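Contents: one structure, followed by commentary.
The values are calculated or read from the model by the stated rules, or taken from the named source; none is laboratory data. Given the structure is predicted, the values throughout are model-derived calculations rather than measurements. Glycine also receives a Cβ, built like all others from the backbone with ideal geometry; neighbour counts cover every protein chain displayed.
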Amino acid sequence: MMSRHLGREVHAASLGSRPRNNPSSHLIERAVALVCLLILAVGVFLVMQPFLSALLWGTILTISTWPLHVRLTRALGGRTGASAAILTLAACAVFLIPLALLGHNLAENVAQLASNLQEWRSKGLPEPPSWVAPLLLVGSRIHEFWSDLAGGTVEATAKLEPYIQYARTRILGFGALIGFGAMQIFISLLIAFFLYRDGRRAAAALDSVLQRLAGRRGPRLLGVAAGTLKGVVYGIIGTNLTEAILAAVGFRIAGVPGAFLLGFFCFFLTLVPVGPVLIWLPATIWLFTIGETGWAIFLIVWSIMIFSVLEALLRTFLVSRGSDLPMLMILLGLFGGLLTFGFIGLFLGPCLLALGYALIKEWIGMEREKMASSGDSGV
């Protein structure tokens, strides 16, 4: 009896020594875990922040060209690494070589400008050409201002100095923008190489995350996102980039100064109706005025072929795959991306806006389908 009683006391004491379920302690533990998780997330963001835009563009480029990677891998006998290397080198040729030519062209123009300024300071400005005065609205003012500057070297230098300083600052800033953009694009292409090589595992992880967050809608939203990104890359960026590169080549062949810089401006203006005319028409007029009639006719024919015939073909085959993003949002994406992310934002901005626009439309469509199905079941 005594041993049985002693066993009961020991069992009761052991039960009393166990920790009791305390709601406040669980709340504190969860709060501490949440704070630690938040600190970790902030740390990861700070580490990745310098590479965020490059990571986004590398991901977008990989998603939009993934079918090509699959076909190339199959043609190479399943060698994923070789396919990734070939596509990365091709992307370098498409994005980095035009940037390098643009930077070289800018450096040439800066050197020529410095030489002209030195000559103007020593000899004075030349008289304005005869075609300046008849220009509509502004011709007489430009002719008068130019004639005043050509009157004396000291006065001309003093009047031109603020404009020279402003132009020098802007040109240096643009050169820095090109250099930083080239570095960002190089990093994004390096990221794209690893995404090509290990993309299947990344896609599986992304699919599982979306299924946890969005349930059955996850794969559908992922398909919408992939289709939208392909459409923007092929239909908008691909078309504009092709036209801009060909326009720059035409300017270079015709001997127009600043050919690749003019091609860079054509990249923006192709989105505006008759926008490229603002670039190639003055270049053509300049060729006529210096007596290069043959090259002027060549540039007219070349520009019409690019911005009329080729543009119609490209938009037929490429934009039909793409997004129905409104033109205003494309322009906002281009300029907003440039201001936010730098040079790489020219490609990143339209993609992000198109993705947000498409996902919102898809979400609204899903909600309407849900309401319609609930209404039918209620009836």
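A few remarks follow.
- Residues satisfying the stated conditions in the range 154-177, i.e. surrounded by 10 or more Cβ atoms within 10 Å (Cβ to Cβ), modelled with pLDDT under 75 and farther than 15 Å from residue 110 by Cα: 155, 156, 157, 158, 159, 160, 161
- Yes/no for residue 256 being surrounded by 14 or more Cβ atoms within 10 Å (Cβ to Cβ), among the aliphatic types (A, V, I, L, M), modelled with pLDDT of 85 or more and not in a helix (DSSP H, G or I): yes
- The residues of the range 41-63 that are in contact with a Ser or Thr (Cβ under 9 Å, 6 or more places away or on another chain), closer than 13 Å to residue 196 by Cα and among the hydroxyl-bearing types (Ser, Thr, Tyr) amount to a single one, 59.
- Only a single criterion out of (1) surrounded by 13 or more Cβ atoms within 10 Å (Cβ to Cβ); (2) within 23 Å of the chain's Cα centre (by Cα); (3) modelled with pLDDT under 80 is not satisfied by residue 366, namely (2).
- If you filter the range 63-75 down to residues that are over 14 Å from the mean Cα position of the chain (by Cα) and hydroxyl-bearing (Ser, Thr, Tyr), you find that the one that is modelled with the lowest pLDDT is 65.
- Looking only at the range 272-297, and only at residues there that are part of a loop (DSSP other than H, G, I, E, B) and surrounded by 14 or more Cβ atoms within 10 Å (Cβ to Cβ), the one that is farthest from the chain's Cα centre (by Cα): 292
- Meets criteria (part of a helix (DSSP H, G or I), modelled with pLDDT of 80 or more and surrounded by 15 or more Cβ atoms within 10 Å (Cβ to Cβ)) for residue 307: yes
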